[in-house]
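For reference, the structure is listed below as structure tokens.
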Amino acid sequence: MKPYLIALFLILSTCVRAQYYPTPTDWAERPATQAGFDGPALDSAVSFARTHEYSGARDLRLAILESFRREPGHTLRGPTKERGGPAGMILKDGYVVARWGDTERVDMTFSVTKSYLSTTAGLALDDGLIESVTDTVARYVWDGTYSGDHNSGITWEHLLHQTSDWSGSLFGIPDWTDRPDPASTYDHWKNRELHAPGTHYKYNDVRVNVLAYSLLQVWRKPLPQVLKERIMDPIGASPTWRWHGYDDSWVDLDGLRMQSVSGGGHHGGGLFINTQDHARLGLLFARRGKWNDRQLISERWVDMVRTPTPANASYGYMWWLNAGERAWEGVPDHVYYAAGFGGNFIVVDEERDLVIVTRWLEPGEIGEFVRLVYAAL
């Protein structure tokens with residue numbers, strides 16, 4: 001082959017391998033077959049997502065109240081919104097290879113919010129506002145939130161891993177009212193023996209909101225502002241997303257009134273966002289925190305979020321891992337994902353530069369749906 005042809009081949013090969021990033025107003029599509037998929041097989045996976053819609057009410061106020069009605073004193077404290085139908089996007093090498101439903105519709109996303117909250121913790125660590133995740137939070141938040149022998153030993157890592165067993169009330173909600181053991185009693189819930197921090201995993205929104213409150217104290221400005229300036233604007237997210245707290249989760253900080261946001265929609269609130277903005281966050285993590293030529297969040301943090309807690313092999317820093325009891329059969333074990341009530345998911349595969357976002361999928365079907373996508377590769 002002539003030298004100039006070899007040079008041209010190398011240039012074209014580099015272009016093919018180059019990672020694509022969408023602009024704020026445009027996202028290029030690529031035929032599934034060109035991206036390495038079997039077209040009909042990928043169509044079948046998308047059809048599966050479309051036909052396995054979350055079975056709960058589209059009026060999410062009703063869905064929330066029904067799902068958590070067994071919790072003592074459960075009420076809605078933040079906004080809700082009627083949801084849309086199934087929607088999603090699949091990205092390969094940054095290009096859209098499949099999409100379905102209304103990907104611009106803003107909907108509640110429930111506990112996917114936790115992965116965004118985790119991101120603000122990573123930024124605080126990158127900036128040195130938090131020296132180490134193994135520091136006790138009481139070093140930074142000294143207003144009594146972490147007083148007592150038990151709470152004073154809680155670290156940032158314990159909160160991120162949901163292994164803190166923080167005990168108390170935040171904005172009028174006691175920690176023990178969140179997902180109490182149905183086999184136990186009211187008196188036992190209130191007077192239970194506490195687990196040493198780091199030894200027991202418990203999915204608990206009150207403690208997640210304690211993390212959000214603590215990060216607000218460290219950042220000294222609203223977390224939605226941090227997320228917007230440091231992550232969402234640089235990755236070209238739309239201006240339509242909102243991050244809410246509760247009606248009474250306002251605090252005075254540095255002479256200003258600020259809302260402490262919620263890490264989910266358990267009592268209403270949390271992140272309201274569209275599918276395309278989810279896909280942008282997923283792409284940022286698939287690219288190890290880098291967007292074009294800017295490292296928005298450190299590679300160290302991207303690795304840390306996938307560090308499982310010893311108390312639950314399936315859980316990292318508010319991202320779920322494809323490991324332990326929740327592992328999806330037929331899906332690579334390096335995959336990790338954000339998950340929320342009602343079947344909201346952001347699935348990230350850094351090694352294959354693959355991102356899957358699905359909204360309002362019946363939650364029990366997520367493993368099969370993702371398996372079908374991989375089977376199409």
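Only the coordinates and a few stated rules stand behind these numbers; no lab work does. In this text, all values refer to a predicted model and were calculated from it rather than measured experimentally. Ideal geometry is used to build each Cβ from the backbone, glycine not excepted, and the neighbour counts take in all protein chains shown.
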log₁₀ I(q)/I(0) of segment 3-375 at q = 0.08, 0.13 Å⁻¹, via Debye over equal Cα point scatterers, no solvent, to two decimals?
-0.40, -1.05
Taking the alpha-carbon centre of each part, the distance from segment 157-206 to segment 241-259 in Å is 24
Using a 7 Å offset from the Cα along the Cα-to-Cβ direction at both Arg179 and Arg371, what is the distance between the two label points in nm, to one decimal?
2.4
Which of the peptides 282-288, 230-236 is most tightly packed, and how do the rest follow, going by the mean number of other Cβ atoms within 10 Å of each residue?
282-288, 230-236
Nearest 500 deg cm²/dmol is fine: what mean residue ellipticity at 222 nm does the chain get from its DSSP H runs of n ≥ 4 alone, each adding -39,500 (n - 2.57), divided by its residue count?
-8500 deg cm²/dmol
Treating the beta-carbon of each Lys and Arg as +1 and of each Asp and Glu as -1, no other charges, what is the dipole magnitude of the chain about its Cα centre, to the nearest 20 debye?
640
For Arg70 and Ser169, what is the calculated FRET efficiency with R₀ set at 22 Å and r taken between the beta-carbons, to the nearest 0.05?
0.70
Can you find, among Ala279, Ser262, Thr80, the residue sitting farthest towards the positive end of the charge dipole of the chain, where Lys and Arg contribute +1 and Asp and Glu -1 at Cβ?
Ala279
In straight Cα distance, which lysines are under 17 Å from Lys202, not counting same-chain residues fewer than 8 positions off?
Lys114, Lys190
